[in-house]
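Quick notes on the structure that follows.
Bear in mind these aren't lab numbers, they're just calculated from the coordinates by the rules spelled out. For clarity, every value in this text was computed on a predicted model and none was experimentally measured. Methodologically, a virtual Cβ is constructed for each residue, glycine included, from the backbone with ideal geometry; neighbour enumeration extends over all protein chains shown.
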Amino acid sequence: MFAVDAATFAVSGICLVALRLPPFRPDRSESTLRNLRTGWDEFRSRSWLWGVIVIWWALGVCVWGPVTPLGAASVIEAHGTAAFGYAESAFGAGCVAGGLIAMRLRPARPLFAGGLAMLLFPLMPLAAALVPELPLLMLGYGLSGLGWAFWGVQWAVAVQTRIPADRLNRVAAYEVAGSILAVPFGQVLAGPASAVFGVHRLLAAGAAIGLGCALALLVVRPIRRLALTPA
């Protein structure tokens, strides 16, 4: 399976190389420090942007980081290693479905629509906490993947259409770092926290926090009301 996974990365690389894109000439007239300052000014000036990243820190530390190691421990203990593989495969299939649906739908308020889809995401930590029979476990993981991928597309659309093209890479540096850095923190804390509170309780708490994060995306006004309008 690892060899197959590696092969998919190779295919992705070949597809990227085959893309026919116009030449890109970056502006090197400004220093790295100046570029960082420009990106930060653009980032902090948009409340919808940094608002999502703040929510994502809570999600990354409390849910997305811990759910894989703790979910693996919970599912494998209850149903064996193959069941965890099936559950993760269901999550991947859900992501494919969510991406395909997002390609067809063009909501006027992408982050609001993505927030609605993210209401499905807590089903993964919830299923891992309850460890029902395999079909229900896979259903929870699959629906969670669908919501996750649909949100991801809407978020990418919002960022790439609302940020001026000549500053997108500088803003994206803060956006990606802000959303990804939270995950390893959650993974580091997962082990000690599970020793104190227990794996199943921590996963159930993650499901509740994930639901709270999805609701926050729907409640925070700048996020909820962001329209699909080019910068």
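Observations, loosely collected:
- For the range 154-208 and the range 67-127, distance of Cα centres in Å: 15
- Whole-number percent relative contact order across the chain, with pairs defined as alpha carbons under 8 Å at least 6 apart: 34
- Extension gain, L181 back to T229 (0.36 nm per residue minus Cα-Cα distance, nm): 14.4 nm
- Neighbour-count ranking [beta-carbon atoms within 10 angstrom, fewest first] of C95, C213, C15: C15, C95, C213
- Sorting the segments 158-165, 191-198, 119-126 by their residues' average number of neighbouring beta-carbon atoms within 10 angstrom, most packed first, yields 119-126, 158-165, 191-198.
- Placing unit charges on the Cβ atoms of the charged side chains and taking the dipole of the range 32-224 about its Cα centre, the candidate lying farthest along the positive direction among G85, A129, A205 is A205.
- Computed label-point distance, nm, for sites F197 and I76 using a 7 Å Cα→Cβ extension: 2.2
- Most to least packed among 52-58, 214-220 [average Cβ atoms within 10 Å]: 52-58, 214-220
- Computed Kirkwood radius, in angstrom, where 1/r is averaged over Cα pairs of the chain: 19.1
- HN-Hα J in Hz across the range 193-201 - Karplus 6.51, -1.76, 1.60, θ = phi - 60°, x for Gly and Pro: 5, 5, 5, 8, 9, x, 4, 5, 5
- Residue of A97, A127, A18 that the Gaussian network model of the chain assigns the largest fluctuation, springs spanning Cα pairs under 10 Å: A18
- Here the label points at R20 and V219, each 7 Å from Cα along the C-beta direction, are separated by 5.1 nm in the simple model.
- Phi-based couplings in Hz for the range 210-223 (Karplus 6.51, -1.76, 1.60; Gly and Pro marked x): x, 5, x, 5, 5, 5, 4, 4, 7, 8, 5, 4, x, 6
- Where Rh is the Kirkwood radius over Cα pairs, Rg/Rh for the range 31-105: 1.19
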